[in-house]
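The values are calculated or read from the model by the stated rules, or taken from the named source; none is laboratory data. Keep in mind it's a predicted model, so treat the numbers as computed, not measured. Using ideal geometry, Cβ is built from the backbone for each residue, glycine included, and neighbour counts are taken over all protein chains shown.
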Amino acid sequence: MSQRGFTIFEIVLSLSITMVLMAGLLPAMTSTIRDARTARATTDMTDLGLQINQFLTDTGNTLFTIDGTNGAGSKLQLMVSDGDMPGCTTAGAPCAGGLLSWNRAVDNVGGITDFLERHLVTNNPRGNSANDYPVGAAAWRGPYLNGPINPDPWGNRYMVNAEAFPAGGNDVIVLSAGKDETVDTIFQANGFATGGDDLFSLVQN
């Protein structure tokens with residue numbers, strides 16, 4: 001018994017119906033992906049905040065430093081994960097002031113920006129074992145996270161305004177620039193409210 005093949009009309013009709021169905025599902029799929037990324041970023045930032053506080057509890061420190069001490073003269077201002085540096089604009093112009101502080105590169109020699117991983121995973125601030133935090137009881141008891149500490153779901157780095165340690169004035173937060181990959185939140189505040197679509201998790205206040 002012979003079988004009839006599809007006609008051109010039937011193929012076109014099937015493709016048209018499929019395209020209509022996909023067009024209707026696309027917004028829902030996009031929303032689901034966006035929500036999943038936001039949920040992952042929120043979970044990542046909450047976990048980072050918990051491990052940061054555990055580090056501070058274990059070491060008896062009130063801040064993070066570039067030389068493993070607890071001295072304010074060597075404290076970090078910004079801690080970041082792996083990932084790209086997000087954009088930063090103010091009303092279409094290059095960012096400045098309270099936004100600019102998020103956009104600092106890691107400097108292994110004289111900088112005050114360092115990778116979170118060096119403090120929570122490997123214990124070598126600035127990538128130098130000479131700067132290790134003391135190890136043992138009432139000291140560094142990590143690793144606090146499995147490394148590496150990955151970027152946010154949009155490929156940009158998570159950031160911690162470590163300059164605010166010890167908290168009591170300005171809040172300490174973990175920040176993600178969010179879907180638009182542009183920082184819109186000021187660096188220091190007592191009672192943070194995110195700008196744009198930024199996401200954050202409170203570490204200390």
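Considering only the range 171-205, how many residues are out of contact with any Gly (no Cβ under 8 Å at 6 or more places or on another chain), modelled with pLDDT of 90 or more and polar (S, T, N, Q)? Adding up the residues that qualify gives 1. Condition check: surrounded by fewer than 18 Cβ atoms within 10 Å (Cβ to Cβ), out of contact with any helix residue (DSSP H, G or I) (no Cβ under 9 Å at 6 or more places or on another chain) and at pLDDT 90 or above. Does G155 satisfy that? Yes.
One residue alone among D152, D107, D132 is of a type in the set (D, E) and within 16 Å of the chain's Cα centre (by Cα), and that residue is D152.
Listed conditions (1) exposed (fewer than 15 other Cβ atoms within 10 Å of the Cβ); (2) in contact with a strand residue (DSSP E or B) (Cβ under 7 Å, 6 or more places away or on another chain); (3) modelled with pLDDT of 85 or more are all met by G127, apart from (2). When the range 182-194 is filtered for residues that are more than 26 Å from L56 (Cα to Cα) and either among the β-branched types (V, I, T) or surrounded by fewer than 17 Cβ atoms within 10 Å (Cβ to Cβ) (or both), the ones remaining, listed by number, are T182, V183. Considering the range 37-88, the residues that are surrounded by fewer than 19 Cβ atoms within 10 Å (Cβ to Cβ) and touching a Ser or Thr at 6+ places or on another chain (Cβ under 6 Å) include one that is nearest to W102 (Cα to Cα), namely G87.
Scan the range 159-177 and give yes if some residue there is out of contact with any strand residue (DSSP E or B) (no Cβ under 6 Å at 6 or more places or on another chain) and outside any loop (DSSP other than H, G, I, E, B), otherwise no. Checking the range 159-177: at least one residue is out of contact with any strand residue (DSSP E or B) (no Cβ under 6 Å at 6 or more places or on another chain) and outside any loop (DSSP other than H, G, I, E, B).
Whenever a residue of the range 41-57 is aromatic (F, W, Y), its partners that are assigned to a helix (DSSP H, G or I), lying with C-beta atoms within less than 7 angstrom and at least six residues away or across chains, give the pairs F55/H119; F55/L120.
Scanning the range 123-137 for residues that are hydroxyl-bearing (S, T, Y) and in a helix (DSSP H, G or I) gives a single hit, S129.
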